[in-house]
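Right, one structure below, let's go through it.
The values are calculated or read from the model by the stated rules, or taken from the named source; none is laboratory data. Just so it is clear, the model here is predicted, and its values are computed rather than measured. Note that each Cβ is placed from the backbone with ideal geometry, even for glycine, and that neighbours are counted across all protein chains shown. In case anyone asks, the SASA skips ligands and DNA or RNA and just uses the protein heavy atoms, side chains included. Shrake-Rupley method; radii C 1.70, N 1.55, O 1.52, S 1.80 Å.
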Amino acid sequence: MLAAMAVAFGLVCFFLIQPTLSFGQGVLGLIAIIAIFFTINKLLQRVQLSFSLSFMHLQHHSFRGGWALKWKNIAAIGIPQVYRQEGISEPLPWVGIKIKHYDALLEGISLRMVTHIIMTQRALLITAYRRAPSKPSKPLEDMMFDDTPYRGENGILYKGLMAMLANRMRYTRELLGYDIFVSEDLLDRPLEDFVGVTRRYLAAAQE
């Protein structure tokens, strides 16, 4: 749809400006206008991230791929918290999801999404580590990009980025109580409302 609009708009602009320009300049202008519209269209597609909830699962969609988790494989959903020096808890702008079995996520997630999670949630790991109420099990440097091979419950030995994601989930569970996180920026509603809706789906699936 946007592509057709871009061509139509480009043709209109071409015929409006062409009388004052040479034919070659008009063609170049038309090509430039269409290229701009296609670029804008691609950028819009890249930022259109969404979630779908059904009676069976919670699914994340994006241009990088995505992931899906069945409600029966989700142990808890909430807002992770860190602590100040005074011992007062402070919520983070993320939704935390605690997974029962990592295999279900690792088997279906794309490598592009794995890379995105590892990089974008790095700051979250750092914050959780520095604000942990007790000393973590490993130094932060060892947690950050730990690609130690991870053997899933299904017997598969995950290596590289997949192992790094599995290990990262273990560390964030230790520090924050959850395995995978969704930034508030990606939601179509306030953080608390999204958590409330997903918890209702989760409760219904467990009945």
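Within segment 153-160, does at least one residue satisfy the condition of being over 17 Å from residue 109 (Cα atoms) and open to solvent by 20 Å² or more (accessible area, probe 1.4 Å)? Yes: segment 153-160 contains one or more residues that are over 17 Å from residue 109 (Cα atoms) and open to solvent by 20 Å² or more (accessible area, probe 1.4 Å).
Each residue in segment 128-138 was checked for being farther than 11 Å from residue 171 by Cβ and surrounded by fewer than 17 Cβ atoms within 10 Å (Cβ to Cβ), and 4 of them qualify.
Of everything in segment 194-207 that is open to solvent by less than 80 Å² (accessible area, probe 1.4 Å) and either without any contact (Cβ under 8 Å) to a residue 24 or more places away in the chain or basic (Lys, Arg) (or both), the residue that is nearest to residue 62 (Cα to Cα) is 196. Looking for something in contact with a helix residue (DSSP H, G or I) (Cβ under 7 Å, 6 or more places away or on another chain), acidic (Asp, Glu) and within 22 Å of residue 51 (Cβ to Cβ) - is there at least one such residue anywhere in segment 171-182? Yes: segment 171-182 contains one or more residues that are in contact with a helix residue (DSSP H, G or I) (Cβ under 7 Å, 6 or more places away or on another chain), acidic (Asp, Glu) and within 22 Å of residue 51 (Cβ to Cβ).
The selection criterion, being touching a Gly at 6+ places or on another chain (Cβ under 6 Å) and either closer than 24 Å to residue 194 by Cα or surrounded by 17 or more Cβ atoms within 10 Å (Cβ to Cβ) (or both), does not hold for residue 108.
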